[in-house]
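Below: the structure, in C-alpha cells.
The values are calculated or read from the model by the stated rules, or taken from the named source; none is laboratory data. Here the structure is a predicted model, which means the values were calculated and not measured. Neighbour counts are summed over all protein chains in view; Cβ atoms, including those assigned to glycine, are modelled from backbone coordinates with ideal geometry.
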Amino acid sequence: MDIRTVGVVGCGQMGSGIVEVSARAGYITITREVNQTFLDKGLKAIQSSLERGVQKGKISTEQRDETLARVKGTTQLDDLAACDFVIEAIIENMEDKRSTFSALDKACPPHTILSSNTSALSLIEMARSTQRPDRFIGMHFFNPPTATKLLEVGKTILSSDASVEVGRKLGESLGRTVVVVPDSPGFIVNRLLVPYLLDAIRCYESGLASREDLDSSITLGLNHPMGPLALSDFIGLDTIYFIAETMFDDFRETRFAPPPLLKKMVTAGLYGRKTGKGFYDYAK
C-alpha cells in the first residue's frame, strides 16, 4: 500500500509532534482539532519546534518551509477523507475515541487504515466501533515524538497482517524503531515502566528518601537520564494515574494500583511540568 497522505486527529502535545514527524518525512499531513483555537495553538507549536531545529542546525530553512507546506490544518473530520493512514491522538477517553473512530470510518475510503496512539486503552474496543477492524492497529509514539525513536505498533486479534505491515513500514519511514506488540494494556514499555514509577512514588510517600535523593540514586546509580519522580512530572501525573488505573482494572495486580499520594496530587491539579508543579516546582 502506497501511503501519500497521513491524517492526525488531535494537535496537542502528542499530536503536534506526530504531525511534525510525518511532514518532515515527506508526507502530506492533515491534522484535525476540535476548534480553531486548539488548532492554531498546535500549528504554532509545530512552527516553533521547526524553528528551534533551524537554530540548532538540525534542519535547514528550506526543510522547515517544505515541512510546513506539507501540513494542513482543519476542524472537520470529513477533511481526513483524503488520507491513506490516520493516527488518532486525542485524550485517553474510550467514549471519545470510539465516537471519533465511528465518524472516521464513515468519512474515510475503504482502503484507509485507522490507528490509535493510545498507551493503555483497548485497541479492539476502538476497532469494534468501525466497520474495518481488520484495518485498525495501534501506533503508540513516545513523548516527545520528535525526539524519541521507539514506536509500538499494536495488533489486535482482528488486525490483518497486511495492516500491521503497513504500520510498521510507515513507522520505519518516519525514522522510528518499530516493535510489534499484542493488544494488551500498557504494551511493552508502560507494562514495565508504570510499576517502576508507582514504586518510586510509594518510596517517597513512605519517607524512604527525599525526592532529590530518590532521583539522584537512579540517575547516578543506574545511569538513567532522569529519575523516576522527575520523569513522572515530565510524562504527566494525570497520564500516569490514568494508565495505572486502566492497567489495574485489567490485571487486578497491586503493582499497578495508583498510590494515594498520586491520586491526591492529580485531584489537586498538580500534573507536573504541564501545570507548573508536580513533585518539583517548574514555575521559574
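A few notes on this one:
- Residue count for segment 173-230 satisfying the condition of being under 27 Å from residue 115 (Cβ atoms), of a type in the set (A, V, I, L, M), part of a helix (DSSP H, G or I) and in contact (Cβ under 8 Å) with a residue 12 or more places away in the chain: 3.
- Residue within segment 54-77 that is in a helix (DSSP H, G or I), in contact (Cβ under 8 Å) with a residue 40 or more places away in the chain and hydrophobic (A, V, I, L, M, F, W, C) present: yes
- Residue in segment 33-48 that is assigned to a helix (DSSP H, G or I), of a type in the set (Ser, Thr, Tyr), modelled with pLDDT of 95 or more and under 20 Å from residue 19 (Cβ atoms) present: yes
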